[in-house]
Amino acid sequence: MDIKIQINELLRNGYTQKQIASLIGVSQPAISLISRGVVKNPSFHIGAAIMSLPVSPASAEEKTTEPEVIR
């Protein structure tokens, strides 16, 4: 799947550009440039990170949340 299409799909499913950027370690303007097609070939690590994000933001939050420690 095209990176631009993937970003726009993530946005339709409730992510913000800022959330996507934070999750993959880039700036929000970088996500904007990719989603608008200004940047057509982002680096491999950015593309791979975008493609690996779950479809819904709730799933991403579950993956990044530290496990609860029961004492």
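The values are calculated or read from the model by the stated rules, or taken from the named source; none is laboratory data. This structure is a prediction, so every number in the text was calculated from the model and none was measured. Every residue, glycine as well, gets a Cβ built from its backbone with ideal geometry; the counts of neighbours run over all protein chains shown.
Among all residues of region 44-53, there is none that is modelled with pLDDT under 90 and polar (S, T, N, Q). For Asp2, the conditions (1) under 10 Å from the mean Cα position of the chain (by Cα); (2) without any contact (Cβ under 8 Å) to a residue 12 or more places away in the chain all hold with the exception of (1).
Right, Lys4: modelled with pLDDT under 95, crowded, with 17+ Cβ neighbours inside 10 Å and basic (Lys, Arg) or not? Against the criterion (modelled with pLDDT under 95, crowded, with 17+ Cβ neighbours inside 10 Å and basic (Lys, Arg)), Lys4 qualifies.
How many residues does region 54-71 contain that are at pLDDT 65 or above and part of a helix (DSSP H, G or I)?
Taking region 54-71 as the starting set, the residues that turn out to be at pLDDT 65 or above are 54-59.
This time we only want the ones that are part of a helix (DSSP H, G or I), so: 57-59.
Of the residues in that region, 3 qualify.
Selection of region 15-50 for residues being surrounded by fewer than 13 Cβ atoms within 10 Å (Cβ to Cβ) and among the hydrophobic types (A, V, I, L, M, F, W, C) yields Val38, Phe44, Ala48.
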